[in-house]
Amino acid sequence: MARVFVTGSADGLGLMAGRLLIEQGYDVVLHARNEARAEVARKGAPGAKSVIVGDLSTLAGMRSVAEKANASGRFDAVIHNAALGDKEARRVETSDGFAQVFAVNSLAPFVLTALMERPKRLVYMSSQLHSSGDASLRDVVWREKKWNGFQAYCDSKLHDVLIAFAVARRWPEVYSNAVHPGWVATKMGGPSATDDLAEGHTTQVWLAVGEDARVTGDYFFHMKKSKVLAAARDEETQDRFVDICEELAGVKIPA
């Protein structure tokens with residue numbers, strides 16, 4: 001049976017995806033940023049095989065999560081779900097000097113992709129807000145620009161699509177895709193969200209394990225291909241973002 005790793009799965013769509021995969025009979029490993037959140041994850045999905053603990057806001061934490069994941073054995077699929085939302089009122093700087101939103105939402109999925117043993121499928125959680133992301137890739141860590149939490153989130157969701165598409169090109173044997181789950185009423189989405197929460201986690205699960213989801217290099221909403229920002233299809237932009245991440249993280253995506 002396939003093994004699936006879901007980052008950021010103590011609650012919200014990550015936990016919902018983990019539960020659905022468990023119900024379908026898959027071996028699921030969850031992730032939480034600390035032990036307290038790990039206990040929440042265990043109680044939320046008692047059928048999970050284990051919970052990997054690690055803070056994805058720091059390079060050391062990203063490396064630790066990758067090491068623990070590799071030590072547990074190769075995964076068939078990885079769902080990169082961990083994220084901060086669009087309402088960060090101020091720029092929180094990580095110990096590595098990055099904006100926390102960029103570190104968790106953009107750099108962490110890149111580093112895990114680069115350091116974890118290559119799975120058969122990769123799923124990157126994005127958002128329709130990626131279409132408002134800054135494709136110039138100027139100052140991605142927000143050191144010089146005036147802080148705007150909403151824009152930082154939009155940028156990060158574009159970054160996730162760029163990673164998904166770059167990996168799809170570089171690793172043709174891996175199915176690598178991005179997902180817009182909809183605006184749903186999770187802790188991140190808020191109570192005003194208008195899309196169906198029951199559908200918010202199904203597409204990423206389908207892409208991770210579905211027999212009819214053997215596709216790569218695309219962007220999905222509710223199990224259908226969806227419109228993506230044209231700049232996300234630009235291979236030069238994809239490669240520039242990979243180069244930026246490699247320089248910031250000090251790790252490279254293997255050929």
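The values are calculated or read from the model by the stated rules, or taken from the named source; none is laboratory data. The structure displayed is predicted, hence computed values, not measured ones. Cβ placement follows ideal geometry from the backbone for every residue including glycine, while neighbour counts extend to all protein chains displayed. Just so you know, the surface numbers come from the protein's heavy atoms only, side chains and all, with ligands and any DNA or RNA stripped out. Shrake-Rupley method; radii C 1.70, N 1.55, O 1.52, S 1.80 Å.
Rolling a 1.4 angstrom probe over the protein chains, ignoring ligands and nucleic acids, what is the accessible area of L115 in square angstrom, nearest 10?
Its heavy atoms expose roughly 60 Å² to the probe.
Enumerate the amide H contacts of F220 below 5 Å, restricted to partners 5 or more residues apart or on another chain; note that Pro and chain-start residues carry no placed amide H.
A178, V179, H180, S226
Using the Cα centre as the reference, give the magnitude of the dipole from point charges on the C-beta atoms of the range 30-94 (Lys, Arg: +1; Asp, Glu: -1; all else neutral), rounded to the nearest 20 debye.
Charge dipole of the range 30-94: 100 debye, to the nearest 20.
For the range 76-88, in order, what is each residue's ³J(HN,Hα) by Karplus, 6.51 cos²θ - 1.76 cosθ + 1.60 with θ = phi - 60°, in whole Hz (x at glycine and Pro)?
Each residue's phi maps through the Karplus curve to give 7, 8, 10, 9, 8, 9, 4, 6, 9, x, 9, 10, 6 Hz.
Would you be so kind as to identify which of N148, I253, G47 lies farthest towards the positive end of the dipole of the chain, taking Lys and Arg as +1 and Asp and Glu as -1 on Cβ and the Cα centre as origin?
It is G47.
When the chain is modelled as a GNM with alpha-carbon springs shorter than 10 Å, which of D155, D96, D11 fluctuates the most?
The residue that fluctuates most here is D96.
In whole Hz, what ³J(HN,Hα) sequence does the range 222-228 give by Karplus (6.51, -1.76, 1.60; θ = phi - 60°), x for Gly and Pro?
6, 6, 10, 4, 10, 5, 10
Quick one: which residues, 5 or more positions from A48 or on another chain, have an amide H under 5 Å from its amide H? H modelled 1.01 Å from N in the peptide plane, none for Pro or chain starts.
For A48, whose amide H was placed from the backbone, there are no distant partners under 5 Å.
For the chain, what % of the accessible area comes from carbon and sulfur atoms, probe 1.4 Å?
Using a 1.4 Å probe with all protein chains present, the chain comes out at 50 percent carbon and sulfur.
What is the magnitude of the charge dipole of the chain about its Cα centre, with +1 placed on the Cβ of each Lys and Arg, -1 on the Cβ of each Asp and Glu, and no other charges, expressed in debye to the nearest 20?
It works out to roughly 260 debye.
What percent antiparallel are the DSSP beta bridges of the chain, to the nearest 5?
About 10 percent, rounded to the nearest 5.
Is the shape of the chain best called rounded, prolate or oblate, per the rule: a/c under 1.5 gives rounded, else a/b larger than b/c gives prolate, else oblate, with a ≥ b ≥ c the square roots of the Cα gyration tensor eigenvalues?
rounded
Per residue of the chain, what 222 nm ellipticity follows from adding -39500 (n - 2.57) for every DSSP H run with n ≥ 4, rounded to the nearest 500?
So the calculated ellipticity at 222 nm is -11000 deg cm²/dmol.
Most fluctuating residue of A230, A99, A178 in a GNM of the chain with Cα springs under 10 Å: which is it?
Per the Cα network of the chain with a 10 Å cutoff, A230 tops the list.
So how do 204-212, 120-128 stack up, highest first, on mean other-Cβ count within 10 Å?
120-128, 204-212
Short version: ³J(HN,Hα) in whole Hz for each residue of the range 116-121, in order, from phi by Karplus 6.51 cos²θ - 1.76 cosθ + 1.60 (θ = phi - 60°), x for Gly and Pro, what are they?
Running phi through 6.51 cos²θ - 1.76 cosθ + 1.60 with θ = phi - 60° gives 6, 4, 5, x, 7, 9 Hz.
Ranked by accessible surface with a 1.4 Å probe, highest first, in what order do E144, E39, E235 come?
My answer, sorted largest first, is E144, E235, E39.
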